[in-house]
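In what follows, a structure is listed as structure tokens, so that the remarks can point back to it.
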Amino acid sequence: MTGGISDPHKTALAIDALRRGWPVAIAGPDGTLALLPIETADPVRLTAFDPTDEAPVLISAGRAATLKLANQLDAAVPDAPVLIERVPWLDFAMATALADPQFDLQTPLKGPFHAIHLDAREAGSAALRLARIAGVLPAFFAHPGGDAALVLTPGDIDAHEDAVRLSIATRAHLPVDGAESAEIVAFRTPEMPGEHVALLIGSPNGQPPLVRLHSECLTGDVLGSLKCDCGPQLHAAIRAIEASGWGILLYLRQEGRGIGLVNKLRAYALQDQGFDTVDANTRLGFAVDSRNFAVAARMLTLLGQDKVRLLTNNPEKVAQLEAAGIAVVERVPHILPANPFNERYLATKRDRTGHQF
């Protein structure tokens, strides 16, 4: 099951299965895992999946560290897989408490539990990536060597996120507030449920365009959230590109640093408990930042641009664009004033994720 050509369509089916609480299996070169998503399944489905109550629980190292189930070396890679031995008191309710940090205050004493060796590490890592793509908590009941109606490989999951599959779907003139002479271009892949878009502002003038990579933020861009700086950054970027004479705003469907809207709101709830944005993400079981800016590089390539001036405070955006073949000839800072609600958020970006203000 591990050979052959990768099939991203299988990943689209697996995403649907996880959201419905159905089992899937991932066959990696070092072994196979049958998986039942804890967030969307229920005790009845668990009994059908695991009638002998033997399936251990798969979570991420970041989540395991918060539960004192992994050492700090493991936690340095928060989206690495950790397998928890099944014991009599690890029923569906306790597994839910292990998976979801919103229950940490309700059930502060969990266990004792024991992390056990996972042979199928590539399948385990792929399972956590699949959960992130599906927007569900990265936690499963896992049958090593098990089977399911749908079997995919780690390569199938990687192909689903392959930026090369992106293409232009359509384009149209779109005057916007701050840039009346603008064109919108939509991009998609055959499997994506949503589309990335580019807003081309002004006319090419022979110089590298001023480019802003803006990751989708429903709460900030649409609802005007004060917890982040996304909304003001979006509108300030449009004005800055217009003032420069020529540039492109890329609007990337990577909500919540790539973990999706629901999980971002879970991170907000953890921030209400006192965790910063970095610790909230790892406590949920995700990497600090799961975004893939190779998508942005592909969009620029399709638009015929291989050199840009990048409007950003994030050196990682520069690094990922250049790694994907886009030359960043200048990094232009994009700094806006803080407010009382996002001061800590901005300080965390500066102190813990390397943003340069």
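Take the chain with all the other protein chains still there, run a 1.4 Å probe, and you get 44 Å² of accessible area per residue. The accessible area of Glu85, taken with all protein chains in place and a 1.4 Å probe, comes to roughly 70 Å². Taking all protein chains together and a 1.4 Å probe, the residues Trp89, Trp246 rank Trp89, Trp246 from largest to smallest accessible area.
Under the definition of Cα pairs under 8 Å and six or more residues apart, what whole-number percent is the relative contact order of the range 213-354?
Details: 166 pairs, mean separation 34.4, N = 142.
Rounded, it is 24 percent for the range 213-354.
Ligands, DNA and RNA left out, the accessible area of the chain computed with a 1.4 Å probe is 55% carbon and sulfur.
Of all lysines in the structure, those lying under 25 Å Cα to Cα from Lys349, and not within fewer than 8 positions of it along the same chain, are Lys227, Lys264, Lys317. Peptide packing for 151-162, 264-275 was compared via the average number of neighbouring C-beta atoms within 10 Å per residue; ordered from the highest value, the list is 151-162, 264-275.
The values are calculated or read from the model by the stated rules, or taken from the named source; none is laboratory data. Owing to the predicted nature of the structure, the values given are computational and were not obtained by experimental measurement. No Cβ is skipped: glycine too gets one built from the backbone with ideal geometry, and neighbour counts run over all protein chains shown. Areas reflect the complete protein model, heavy atoms only, side chains present, ligands, DNA and RNA absent. Shrake-Rupley method; radii C 1.70, N 1.55, O 1.52, S 1.80 Å.
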